[in-house]
Amino acid sequence: MLGVNDNFTFLTIGHRGCAGLEPENTLRGVKRAIEAGCGMVEVDVHLVDGELVVIHDSTVDRTTNGVGRVDSYTLENLRRLDAGKGEKVPLIEEVLALCLGKAAVNIELKGANCVKPLIEMMENRKGPEVLVSSFDWDQLSQYKVMEPSGCVAVLVDRAKQIEKALQLAEELDAYSLNPSMRILSRNLVQQVHGSGRKVFPFTVREVADFLELREAGADGCFVDDPNMVISRL
């Protein structure tokens, strides 16, 4: 289990680093989230040339000065792009090194074929506590098979998927179920808590979102601007 959570009555998770204040999924954003007091930082990964790179979309267009699909780039060329304010697209190792001793890391498996490289990278390597999550439930299941002691979170954003998500969380002995704010309810939180798991909704962008999830009894949340949450705890 994630011991870092023992230090927080409510876990503030920096979404894509600190996406509301800095370029998303950059070391600059991760550092800003840590400085703000986040107990966990969330980033997304894709596989490029055998390395896990930190970027959300399947293309580079929105978050860098490049164009095209992430998987069309070599690692060298991808790292030459400007991901905002002069930042490079980070490697996941760089994020883990930055967070060591400061915050846990939620690694969302966004691209295909990320499981084996992630496990190999983490073997025999000192690093921060890691929570692995994904909307790709097949990859999440594969990760748990290959790393039975790994800590995982089931992501769900559609009401019609809730029952399957709850079932999967049970099967994988997931640490948490992370629902979209759109489908969050007190009943859902109670169901998840009843199975001994935590609930971390995504993504808080307005004070009203935070007040809603606190009323529902969530254990933490993903937030673009951590100050919005931390100042109200």
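Please treat every number below as a calculation from the coordinates, not as lab data. These numbers come from a predicted model, not from an experiment. In this analysis, Cβ positions are derived from the backbone assuming ideal geometry, glycine residues included, and neighbour counts consider all displayed protein chains.
Against the definition (more than 20 Å from N113 (Cα to Cα), among the small types (G, A, S) and touching a Pro at 6+ places or on another chain (Cβ under 6 Å)), how does A83 come out, yes or no? Judged against the criteria, A83 is a match.
The numbered conditions (1) β-branched (V, I, T); (2) free of Cβ contacts under 8 Å to residues at least 12 places away in the same chain; (3) touching a Pro at 6+ places or on another chain (Cβ under 8 Å) are all true for V145 except (3). Condition test on R214, is it of a type outside the set (G, A, S) and in contact with a helix residue (DSSP H, G or I) (Cβ under 9 Å, 6 or more places away or on another chain)? So R214 fails the test.
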